[in-house]
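Colleague: Take this structure, written in structure tokens, and hold onto it; I'll ask about it next.
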Amino acid sequence: MNLSEAANFLKNYNGRELRLMEVCGTHTAGIVQNGIPSMLSDRIHLITGPGCPVCVTVTDYIDRLINLAKDPANIIVTFGDLMRVPGSAGSLTQAKASGADIRYVYSPAEILKLAKEDPGHTYIFAAVGFETTAPVYAALLSGALEEKIENIKLLTSLKTMPQAIRRVSDGIDGFLAPGHVAVITGTEEYRQLASELEVPFVVSGFKGEELIASIYALTRLAEREGKAGFINLYPQAVKEKGNEAAKAATESFFEKGDAAWRGMGIIPDSGLYIRSEYKKYDAGSHDLAGDSEPEGCRCREVITGKLPSCDCPLFGTVCTPEHPVGACMVSQEGACFNSAKTTKNY
Amino acid sequence: MRRDCPLAVLNIMADKINKTHGAGGSATSELIDSIFREAFSNEYLEPLSDSAVLPLPAGKKLAFTTDSYVVRPIFFPGGDIGRLAVCGTVNDLLMSGADPAYITAGYILEEGFDTDDLKKVVASMADTAKEAGVQIVTGDTKVIEPADIKEPGLLINTAGVGFIDEDIDISPARIKPGDAVIVSGNLGDHHAAILGCRMSVKNNIVSDAAPLTQMISGLKDAGLDIHAMRDVTRGGLATILNEFASSAGAHIRIEESSLPVSEEVKGFCGILGLDPLYMGNEGKCVIILPDEEKEKAVEIMRKSPYGQNASVTGSVSCGTPDVTMRTAIGGEKIVSPLYGEGLPRIC
């Protein structure tokens, strides 16, 4: 099956109506970037699930980060996307404008250098992410330990995917398995999820033609109702056992715990926290469960795939990429941001 | 530029910039004499008076522009802040149809900045000005506390004037359905080069910072009827085309497969999740002209050393005033302008 045959099948698909969900922010961005929605029959609906780490972060976390930023002894270090996410009273961007020292970095390794050169401040890294980024944070902690750098802490909001997929699986006919997460964790847990939930899973790459091939495969599996199925179409990067060294690094610094997800509440054992023996590196990441959305914002339903972005009453009027109200409009991996990018006259 | 002490040239220049260099006294004169005066030497600068007094050509309109340059690192593959400061202002003048003539150079130096590095930046500005066919005719120097004491640098402001023939009218309002969209070369090079430096990613990507004087003169000399023209800087091609579509009240459609992007930049963007459509260049432009002139325009642009990958990438039609793209795999999508901060500041 070549690209044009697969594309032709998807455009003319006339089988049962399908709701296919992607749960990886990079897939969401790749689908939009390649114009894939325009290539599908109107019987195939692509639904964006909880695959954007910034979007599933609760407001308690943002509030705690802002409180830490107010202490002049602290310097907050973050990736860009988190800056504009609204907490219950303002965002990091606003805290920065009021004088808090908040910096962007491109890679966590930069923090080691910053902290080493400036022992008078505590560098607090906003460690948000899934299984994919956890090994990077583990490497950072390992570096801090090795170089005896005491002025680094992480405020973690680290989550693991399978539990969240179970929560949102109602009414979904097939999943594109999270590609980057699977690179680390391997295929086994997705194979198991497929048989447990009785829906097909396809592991996909990120290029346009890879996404088309995966959506084609998923459609062929999903058109037979109630059948599971599992295909790894990204074997060059995703192995059955994943990246064992990365998994071991994560395990040596992090342990499982309950985590609060925006829109889904607390999901048992779906979080990763710094192990108690390294708690001196934790900036207070436990028990951040409170979540208050701005008035009218329906991010919760968008994240869980229950509401298309464009059906939120704030979408495109009050909430735009220039003036985001909810986290889904802030992040470049968010469902609303990506919908806005492809919506005429939103 | 002022010179208070005629003997200052005899002093030996300090190896780091200090506050006295911006105080307007003998150290400032020494700096001007030993670094700027010689490098930029021309008849309008030489009197070193409070203003440069310039001749005005008869029957021409004046184009006037300014821009500030704050890029870090100061030296990067393919250029430096000085080359950028000349190219940016020269290209802005060119895009309005002007022949760039004179530019100014305002330096805000951070205390502790290496004097040899300043000399390199100034020499690069002088070379670029020569290449672009402009003269640096007046300037200013101030010294401030460094933003980062470990890495003192400099900021540059340039303003420029150029002259436009009375009959030239280049503006987005002239864009018409049926026009062709031409991009002068590979997108994203400058942006990727700067980002690569900041992230310490080893690659072969080189900034495209360049003055487009020769290329644009070629197009004008051939008598082509350029409707609109813009240099592709911050915000990228996507943002410019959206502005064009909205000013012209017409639809612009581009083809992903005909967008010039180098393999290195494609790879770099793939890894970092960036899109070349939103990345800045410092030596590329987009030109809109009648469809029947497109082949001629591309031929002329490709003769310039900075236009070898020029290509027709889209067309203007009646319809909603927005931008769409046919993607390489055959999808259709809306191309939005750049939203938010998106990417780090690059110029």
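Colleague: Using Cα-Cα distances under 8 Å and only pairs 6 or more residues apart, what relative contact order does chain B have, in percent?
Modeller: 21
Colleague: Something else now. Beyond 18 Å, what share of the Cα-Cα pairs of the range B:172-334 is found? Please give it as a whole percent.
Modeller: Here the tail beyond 18 Å accounts for 57 percent of pairs.
Colleague: Helix-only estimate, please: 222 nm mean residue ellipticity of the protein assembly as shown, summing -39500 (n - 2.57) across DSSP H runs of length 4 or more and dividing by its residues, to the nearest 500.
Modeller: Value at 222 nm, helices only, nearest 500: -9000 deg cm²/dmol.
Colleague: Here's another thing I want to ask about it. Count the DSSP beta bridges whose two residues both fall in chain B, then state the antiparallel fraction as a percent rounded to the nearest 5.
Modeller: 75
Colleague: Among A:Tyr278, A:Thr304, A:Thr320, whose Cα projects farthest towards the positive end of the dipole of the range A:272-322, with charges put on the beta-carbon of Lys, Arg (+1) and Asp, Glu (-1)?
Modeller: The listed residue farthest towards the positive side: A:Tyr278.
Colleague: Still on this model: Please report, in Å, the Rg and the Dmax of the protein assembly as shown, where both are computed over Cα atoms only.
Modeller: Final numbers for Rg and Dmax: 27.9, 92 Å.
Colleague: What lysines could a cross-link reach from A:Lys256, if we take a straight Cα to Cα line under 20 Å and drop same-chain neighbours fewer than 8 places away?
Modeller: In chain and number order, the partners are A:Lys153, A:Lys159, A:Lys241, A:Lys247, A:Lys279, A:Lys280.
Colleague: Between B:Val143, B:Gly112, B:Ala14, whose Cα lies farthest towards the positive end of the dipole of chain B when Lys and Arg beta carbons carry +1 and Asp and Glu beta carbons carry -1, centred on the Cα centre?
Modeller: B:Gly112
Colleague: Continuing with this model, one more query. What residue among B:Tyr306, A:Leu158, B:Met95 has its Cα farthest toward the positive end of the dipole of the protein assembly as shown, where the charges are +1 on Lys, Arg and -1 on Asp, Glu, each on the Cβ?
Modeller: My answer, from the dipole projection, is A:Leu158.
Colleague: Output the 0 to 90 degree angle, nearest 10, between the alpha-carbon long axis of helix B:294-303 and the longest principal axis computed from the alpha carbons of chain B.
Modeller: Here the helix axis deviates by roughly 30 degrees.
Colleague: Number of Lys pairs in the range A:7-141 with C-alpha atoms less than 28 angstrom apart, excluding same-chain neighbours closer than eight positions?
Modeller: 5
Colleague: For the range B:8-165, what relative contact order do you get, as a whole percent, if you take Cα pairs closer than 8 Å and at least 6 residues apart?
Modeller: 36
Colleague: Of all beta bridges DSSP finds with both residues in chain A, what is the antiparallel percent, to the nearest 5?
Modeller: 25
Colleague: Given 20 °C and 1.002 mPa s, how large is the Stokes-Einstein diffusion coefficient of the range A:1-297 in µm²/s, with Rh as the Kirkwood radius over Cα pairs?
Modeller: The diffusion coefficient I find is 106 µm²/s.
Colleague: What ³J(HN,Hα) values, in whole Hz, does the Karplus curve 6.51 cos²θ - 1.76 cosθ + 1.60 give for the range B:233-239 when θ = phi - 60°, with x put for Gly and Pro?
Modeller: Result, ordered by residue: 10, 3, x, x, 4, 4, 5 Hz.
Colleague: What distance in nm separates the simple spin-label points at A:Ile266 and B:Ser200, each placed 7 Å from Cα in the Cβ direction?
Modeller: Each label point is offset 7 Å from its Cα along the Cβ direction, giving 4.1 nm.
Colleague: Moving on to the next point. Give a residue-ordered list of calculated ³J(HN,Hα) values for the range A:306-313 (Karplus: 6.51 cos²θ - 1.76 cosθ + 1.60, θ = phi - 60°; whole Hz; x for Gly, Pro).
Modeller: Along the range A:306-313, the couplings run 8, 9, x, 3, 5, 8, 6, x Hz.
Colleague: Separate question: Output ³J(HN,Hα) for the range B:64-71: one whole-Hz value per residue in order, computed from phi by the Karplus curve 6.51 cos²θ - 1.76 cosθ + 1.60 with θ = phi - 60°, and x for Gly and Pro.
Modeller: 9, 8, 8, 7, 10, 10, 10, 4
Colleague: Going by alpha carbons, how many degrees (0 to 90, nearest 10) lie between the helix axis of B:189-198 and the longest principal axis of chain B?
Modeller: 50
Colleague: Using 0.36 nm times the number of residues separating B:Asp225 and B:Ser246, minus their current alpha carbon distance, what extension gain do you get?
Modeller: Residue separation times 0.36 nm, minus the Cα-Cα distance, leaves 5.5 nm.
Colleague: Still on this structure: May I ask for the distance between the Cα centers of the range A:123-170 and the range B:251-328, given as a whole number of Å?
Modeller: 40
Colleague: Right, here's the next one. Size of the dipole of the protein assembly as shown about the Cα centre, Lys and Arg at +1 and Asp and Glu at -1 on the beta carbon, nothing else charged, in debye to 20?
Modeller: Approximately 1000 debye in magnitude.
Colleague: Still on this structure, I have one more. From zero outward in steps of 5 Å, how is the percent of C-alpha pairs of the range B:54-210 spread across the bins?
Modeller: For the range B:54-210, the pair-distance distribution reads 2, 8, 15, 18, 17, 15, 11, 7, 4, 2, 0, 0.
Colleague: Grab every C-alpha pair in the range A:180-306, bin the distances at 5 angstrom width from 0 up to the longest one, and report whole percents.
Modeller: Percent of Cα pairs in each bin: 2, 9, 12, 14, 17, 17, 14, 10, 3, 1, 0.
Colleague: Let me spell out the model: positive unit charges on the Cβ of Lys and Arg, negative unit charges on the Cβ of Asp and Glu, origin at the Cα centre of chain A. What dipole size does that give, in debye rounded to 20?
Modeller: For this selection, approximately 400 debye.
Colleague: Tell me the relative contact order for chain A as a rounded percent, counting alpha carbon contacts under 8 Å between residues six or more apart.
Modeller: Relative contact order, chain A: 22 percent.
Colleague: Quick one: P(r) of the range A:299-341 from all Cα-Cα pairs, 5 Å bins, percents rounded to integers, in order of increasing distance.
Modeller: 6, 31, 40, 20, 3
Colleague: Taking 2.2 N^0.38 Å as the expected size of a compact globular protein, what ratio does the Cα radius of gyration of chain B give against it, to two decimals?
Modeller: Taking N as the residue count of chain B, the ratio is 1.05.
Throughout, read-outs are computed from the coordinates displayed, never taken from laboratory work. This one's a predicted model, so the numbers in the text were calculated from it and none came from an experiment. As a convention, Cβ positions derive from the backbone with ideal geometry for all residues, glycine included, and neighbour counts pool all protein chains shown.
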